[in-house]
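Below: the structure, in C-alpha cells.
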Amino acid sequence: MSDKQDRFATLAVHAGQTPDATTGAIMPPIYQTSTYVQPRLGEPLNGYEYARVQNPTREALERNVAALENGRHGAAFASGLAATEAILKRLSAGDHVIYEENVYGGTHRMFMQVLSRLGLEFTAVDTRDPQNVLDALRPNTKLLFLETPTNPMMRLCDLRALADIAEQAGVTVCVDNTFASPYNQRPLDFGAHVVVHSSTKYLNGHSDVIGGI
C-alpha cells in the first residue's frame, strides 16, 4: 500500500473524532438526545443546543467525510437528495443551473418536477464535451451540477476543464461524488466548490443506511 493510501486509511479511521475524555472510549457514542442542558438561557455548552442543529455523533461523521474529501466542512442529511436539495436552495428564483444529462434519476426528477416550479431554470447537457457547457452558459447561470461517474451509465467528465470554465464565468461547481467515493476521486482538488454524496451507497456500503452528506 502506498503512502497516499496509508494516509487515506488513517483518515478514514481517525478523522473527525478523538477518544472520549471521560471514559477513554475510542469510538464516539451515539448521542440519543434531542436537547442539551444550558447553564444559562441562550448559552449552550460547546455549541450544542438542539439535535436538529447539531449532534456530536453526526458532527464526527461530518468532520470525517470532510477530511476524506480535503474539504473544510461537512453537513449530514437524511438522504443524498436532501443534501442536493439543500445546495439548490441556496439559489433564487430566476437562477439557471447546468447539469449533467445522465445524473441520478431522482436528482433529475427533483430538478424538473419540483425545483423548476419554484422558478429555477435547468439545462441538461452531455458534460463529457466541455463545449456543451460553454454553449449552455447564460448571464443568470449560477450552478454547474456534475456527476462523474454517473449513475447508472458510468459516464466520466473532465472535472478540471469544467471547473476552469465555471471559474471564468463565476459559476459555482457542485459534484455528486457518490459512485467514485473520496477514495478514488476528490473533486475539490480539481476546482469544485461543493461535493455531495448519497452515503446510502459506497460510503456506507452495507445496504442498511439511508443518508447524504
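Taken together, the values in this text are just the output of simple stated rules run on the coordinates, not laboratory data. In this text the structure is predicted, and so the values were computed from the model without any measurement. Cβ atoms come from the backbone with ideal geometry, glycine included; neighbour counts cover every protein chain shown.
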Explain nothing, just the number: relative contact order of the stretch 36-154, from Cα pairs under 8 Å at least 6 residues apart, as a whole percent.
22 percent
Determine the dipole magnitude for the chain: charges of +1 sit on the beta-carbon of Lys and Arg, -1 on that of Asp and Glu, nothing else is charged, the reference point is the Cα centre, and the result goes in debye to the nearest 20.
380 debye
Spacing of the two label points (7 Å from each Cα toward its C-beta) at Leu41 and Arg160, in nm
5.8 nm
For Val195, list long-range residues whose amide hydrogen, built 1.01 Å from N in the peptide plane, is under 5 Å from its own amide hydrogen.
Val175
Would you mind listing how long the stretch 109-193 runs along its three principal axes, going by Cα atoms, in whole Å with the largest first?
36, 28, 20
Along principal axes, Cα extents of the stretch 1-68, largest first, whole Å:
51, 24, 18
Between Gln54, Gln32, Gln131, which gets the highest mean-square fluctuation from a Gaussian network model of the chain, Cα cutoff 10 Å?
Gln32
Projected area averaged over all directions for the convex hull of the alpha carbon atoms of the stretch 59-130, nm², comes out at 5.9 nm²
The chain: calculated mean residue ellipticity at 222 nm from DSSP helix runs of at least 4, using -39500 (n - 2.57)
-8000 deg cm²/dmol
Dipole magnitude of the stretch 114-202 about its Cα centre (Cβ charges: Lys, Arg +1; Asp, Glu -1), debye to nearest 20
260 debye
Of the residues Ala136, Ala163, Ile30, the Cα lying farthest along the dipole of the chain towards its positive end, which is defined by charges on the beta carbon of Lys, Arg, Asp and Glu, belongs to Ile30
Gaussian network model of the chain, Cα springs within a sub-10 Å range: biggest mean-square fluctuation belongs to which of Ala25, Ala67, Ala169?
Ala25
I need the Debye-formula profile for the chain: one equal scatterer per C-alpha, no solvent, reported as log10 I(q)/I(0) at q = 0.11, 0.12, 0.14, 0.18 1/Å, two decimals.
-0.60, -0.70, -0.90, -1.29
For a quick check, take a GNM of the chain with Cα springs below 10 Å and name the residue from Ala12, Ala180, Ala66 with the largest mean-square fluctuation.
Ala12
If I take every Cα pair under 8 Å that is 6 or more residues apart in the chain, average their sequence separation and divide by the length, what percent do I get for the relative contact order?
18 percent
